[in-house]
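Enquirer: Sending over a structure as structure tokens; questions will come in a sec.
Only the coordinates and a few stated rules stand behind these numbers; no lab work does. All values reported here derive from a predicted model rather than from experimental measurement. For neighbour counting, all protein chains shown are included, and Cβ atoms are generated from backbone atoms with ideal geometry for every residue, glycine included.
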Amino acid sequence: MFKNKEEFKTEFTKRIIEGYGRPLKEAHITEKFMVLEKLIRDQAAINWALTKEEVQDSQQKQMTYFSMEFLIGRLLVNNMMNLGVYDIVKEGLADLDINIHELEELESDPGLGNGGLGRLAACFMDSLASLSMPGHGNTLRYQYGLFKQKIVDGYQTEIPDQWMSIGNMWEIRKPKHAVDVRFWGKVIWDDSTGRFKHVDAECIRAVPYDMPIIGNETTVTNTLRLWDAEVSTNIPTNKDFRQYSQEVNEICQNLYPDDSTLAGRTLRLKQQYFFVSAGLQALIKSHLRTYKTLDNFHEKNVIQLNDTHPVLAIPELMRLLIDEHDYDWEDAWDIVSHTMAYTNHTILSEALEKWPIDTMRALLPRVYMMIEEINRRFIGYVKEHVSNPDEVFNHVLIIKDGQVHMAHLAIVGSFSVNGVARLHTDILIHQEMKAFAELYPTKFNNKTNGITHRRWLAYANPQLKELLHDTIGDHWIKEPDELEKLMAYVDDPDIQKRFMQVKRDRKRILARYIQKNNGILVNVDSIFDIQVKRLHAYKRQLLNVLHIIYLYQEMKRNPEFRIYPRTFIFGAKAAPAYFFAKKVIKLINSVADVVNSDPETSDYLKVVFLENYGVTLAEMIMPAADVSEQISTAGKEASGTGNMKFMMNGALTLGTLDGANVEIHERVGDDYCEIFGLTAKEVDSLRQSGQYNAWDYYNNNIKLKFVVDSLVDGSWSASREEFRIIFEELMNYNDEYFLLADFDSYIKAQQDVEKRYLDKSAWAKMCLINIAKSGFFSSDRTIKQYADEIWHIQPVKK
Ligand code: 26W
């Protein structure tokens, strides 16, 4: 492969001719793009093969991350950077009159995830490879990723995301590793074998597509396996082929766009079982190829279950061991319960998966029998271990009230149960999963989330990378804790000025994008106050809007009241069926239209809604932020990871003591972040007290009253009914997420933010300290903890 610019240019030119039969200067830009991607993939293929061999030879234990989502984003730049060839390629292409950035723009952003959970999985893959750990991903090859969002008249509309329209050069189809996955049918007792038999099932062929996960400054290259569905050779007899093939195609057609409410549809359950069964069958096959027995399966394999979505892996591995590999229950359970580890990402009740027994039993009759037996034996265990089993059963039974509680199955069948931030794990142990934590005290542990600092700092913000290079060098890319060295520069006026210039340059890039896409001119010297994340009531984008309305009304009412220019920027997709969330998007756009076009206020206040927020847009937004809005109701956001990306790019965290904000506050201290609002305990006791009444706040705070009334007095829409549902949620459904209770403290916090911003040197110091303290929030630290405390895997031995 190429080792320098000249070799690259030769190889690239040769491949254009070989690939398209025409000279470079006549090649279409998409052809140049495809050739470059293939060239980089082939560059990685050598290391990929080498890694497989090294792990095989050293017989090391491997981890496989089972997740329905991997929000990987664009890979070209990331892969060239990690391979250390970016500059060679950039200069080589420039010599050939090709602008590398034009090629980068052609890459589709695979929306193979909804939000936090999916992006965390992608960051984990980058850290595993960069730490030279043998850790792979197992998921579905969705034809359509998360919908593209188009704002029409202020409303969200959804457009299918054909991310593979020009193909996906990173994937390699592996038909030789295809397996069959079986649905429906029934289970009979087979006297001849003395075993249960799953008959009349419908077979679907699972075909894997492998993508290389390239580590930074290491030859270790892991695999992200995406399973696709194809018609099987043994066609079902009781169904006409057209219907059968249609059902086959729909399995991997769409990612479910809900990121917190269960879409209880059978197809979702089919998707979950499909990639889980295929993934396990493939792991068993490769294990048997090396070890000829499954007795040591759990010593050589650990599976991390990314929330409850892949938890069918527990009964499915039981089925495979017992029905296809002649294990008895006890031995099978010993292997399974030492292989599976479970991560919980949310406490929202509506997000906890519960499947109707009938649905599960019809679609997966043999697997359901496994769940029944696991539940039956668990009941025995509870009776043995607690004095008041009947009380406990209500909180822990796997099968209860006609439903299968997937979180309960996950906890019973896993040796490790972790939350994703300290506060969240405490809430799981002392509240949501209290009974389980008392039953299995050693299983519960915390693993505070992280983000890959390579993509979110080094690659997304080269200007800041340059500043770091000139101050603390580059070793922080290998050891993110070394960002702490920046503390030596936080009082240095030159570095402070240089940082503010970096921030201003990044704000100008975003301002240019906003002008081009939204036609709004924003002031780059205004405070860029940004809230980007999925639209959800508990994340309280509405509280942010209520503050904006307050500022606008104050300026309209009182010409003396003027603020330091502020640009409020939002980015958020709402699940298509989430009506309230879609109304909040409409409200943000309606307020923006009024405020931005009001000459009295537009020099002080601008509101921008960036459509189609995702990984690629985030890479442009995070470096440009002054204020990071992390304002969820305390106790509701399990961790958050956007908060870490903003911190790493030098922004002030304005937030509640929720999720990982608690640990950000802990590391930078009161002086360098802005905390407000009720704590999780206060929210809990207010809720428990039953005393909370939104009208009390409304009637005792005239400014708040004006703000809330504006939702239904036509201020933002010709129709007074347009935002009635929002008014109702707040006032007549008693403000479930305590926005009114936190309103005053939020307003004060925002006023304090302005005061802070006026002192440029203190502000720059605050930003530099946040960057210096952000090393802990690298997913390299998170992965090292998972590897040492849960997976017990080591870097690939050379
Ligand atoms: C059943 C539908 C569904 C789909 C996705 C329910 C729940 C989910 C995810 C668990 C939601 C999610 O993305 N949770 C987020 O996970 C992040 C990574 O740990 C955390 O940082 C966020 O706080 C959490 O909301």
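Enquirer: Give the long-range amide H neighbours of Leu605: residues separated by 5 or more places, or on another chain, with amide H under 5 Å away, using H modelled in the peptide plane at 1.01 Å from N.
Expert: Arg566
Enquirer: What list do you get for Val417, Val522 if you sort them by fewest beta carbons within 10 Å?
Expert: The most exposed by this proxy come first: Val522, Val417.
Enquirer: Sticking with this structure for a sec: Go ahead and run the numbers for FRET between Ile166 and Tyr513, Cβ-Cβ distance against an R0 of 25 Å, rounding to 0.05.
Expert: Once rounded, the FRET efficiency stands at 0.60.
Enquirer: With both bridge residues required to lie in the chain, what share of the DSSP beta bridges run antiparallel, to the nearest 5%?
Expert: On the way: 34 of 79 bridges.
Rounded to the nearest five, the antiparallel share is 45 percent.
Enquirer: For Tyr20 and Ile235, what is the calculated FRET efficiency with R₀ set at 35 Å and r taken between the beta-carbons, to the nearest 0.05?
Expert: Working: r = 39 Å, r/R0 = 1.11.
For R0 = 35 Å, the calculated efficiency reads 0.35.
Enquirer: Let me ask another. If we sort 47-60, 628-641, 599-612, 538-551 on the protection proxy, mean other Cβ atoms within 10 Å, highest first, what's the order?
Expert: Answer by packing, highest mean first, reads 628-641, 538-551, 599-612, 47-60.
Enquirer: Can you tell me the FRET efficiency between Asp358 and His325 if r is taken as the Cβ-Cβ distance and R0 is 30 Å, rounded to the nearest 0.05?
Expert: Numbers: r = 29 Å, r/R0 = 0.98.
For R0 = 30 Å, the calculated efficiency reads 0.55.
Enquirer: What is the dipole size for the stretch 453-777, taken about its Cα centre, with +1 at each Lys and Arg Cβ and -1 at each Asp and Glu Cβ, in debye to the nearest 20?
Expert: So the dipole magnitude of the stretch 453-777 works out to roughly 880 debye.
Enquirer: Can you give me the relative contact order of the stretch 453-777 as a percent, contacts being Cα pairs under 8 Å and 6 or more apart?
Expert: Relative contact order, the stretch 453-777: 23 percent.
Enquirer: Further question: Can you compute 3J(HN,Hα) from phi for each residue in the stretch 197-210, using the Karplus curve 6.51 cos²θ - 1.76 cosθ + 1.60 with θ = phi - 60°, rounded to whole Hz and x for Gly and Pro?
Expert: 10, 8, 10, 6, 7, 9, 8, 10, 7, 9, 10, x, 10, 9
Enquirer: Can you give the charge dipole size of the chain about its Cα centre, rounded to the nearest 20 debye, using +1 on the beta carbon of Lys and Arg and -1 on the beta carbon of Asp and Glu? Don't skip to the answer; put the middle values down first.
Expert: Working: 94 positive and 112 negative charges, 221 e Å.
Roughly 1060 debye for the chain.
Enquirer: For the stretch 453-777, give the share of DSSP beta bridges that are antiparallel, in percent and rounded to the nearest 5; count only bridges with both residues there.
Expert: Values: 0 of 20 bridges.
Among the beta bridges of the stretch 453-777, antiparallel pairing accounts for roughly 0 percent.
Enquirer: Per residue, how big is the convex hull of the stretch 221-279 when only Cα atoms are used? Give it in Å³.
Expert: 122
Enquirer: Which of the peptides 25-37, 442-454 is most tightly packed, and how do the rest follow, judged by the mean count of other Cβ atoms within 10 Å per residue? Each step should come with its number before you reach the end.
Expert: On the way: 25-37: 17.0, 442-454: 22.1.
Result, highest mean first: 442-454, 25-37.
Enquirer: Over the alpha carbons of the stretch 595-647, what is the largest minus smallest coordinate on each principal axis, giving the biggest first in Å?
Expert: If we take the Cα atoms of the stretch 595-647, the spans are 41, 28, 20 Å.
Enquirer: Here's another thing I want to ask about it. Putting +1 on Lys and Arg Cβ atoms and -1 on Asp and Glu Cβ atoms, find which of Val35, Ser590, Gly137 reaches farthest to the positive end of the dipole of the chain.
Expert: Among Val35, Ser590, Gly137, the one farthest towards the positive end of the dipole of the chain is Val35.
Enquirer: Another question, then. For the chain, take every pair of Cα atoms, bin their distances at 10 Å starting from 0, and report each bin as a whole percent.
Expert: 2, 13, 22, 25, 20, 12, 4, 1, 0, 0
Enquirer: OK, next. Helix hunt in the chain: which complete DSSP H runs extend at least 20 Å axially by C-alpha with mean Kyte-Doolittle at least -1.0?
Expert: 29-58, 116-130, 266-291, 365-385, 541-557, 579-596, 739-758
Enquirer: State the percent of C-alpha pairs, over all pairs in the stretch 453-777, separated by a distance greater than 25 angstrom.
Expert: Values: 25869 of 52650 pairs.
Cα-Cα pairs of the stretch 453-777 separated by over 25 Å account for 49 percent.
Enquirer: How far is it, in nm, from the label point at Ile520 to the one at Asp470 when both lie 7 Å from their Cα along the line to the Cβ?
Expert: Going by the 7 Å Cα→Cβ label model, 3.3 nm.
Enquirer: Just in the stretch 242-324: which trypsin sites (Lys or Arg not before Pro) are loop by DSSP and have at most 10 other Cβ atoms within 10 Å?
Expert: When the trypsin sites (Lys or Arg not before Pro) of the stretch 242-324 are filtered for loop state and at most 10 Cβ neighbours within 10 Å, Lys292 remain.
Enquirer: Could you tell me what fraction of 2.2 N^0.38 Å the Cα radius of gyration of the stretch 660-785 comes to, as a two-decimal ratio?
Expert: Scaled against compact globular proteins, the figure is 1.39.
Enquirer: Select from Gly194, Ile548, Val77 the residue farthest towards the positive end of the dipole of the chain; place +1 on Cβ of Lys and Arg, -1 on Cβ of Asp and Glu, and compute about the Cα centre.
Expert: Val77
Enquirer: Moving on to the next point. Describe numerically, in nm with one decimal, the distance between label points set 7 Å from Cα along Cα→Cβ at Phe580 and at Glu350.
Expert: 0.6
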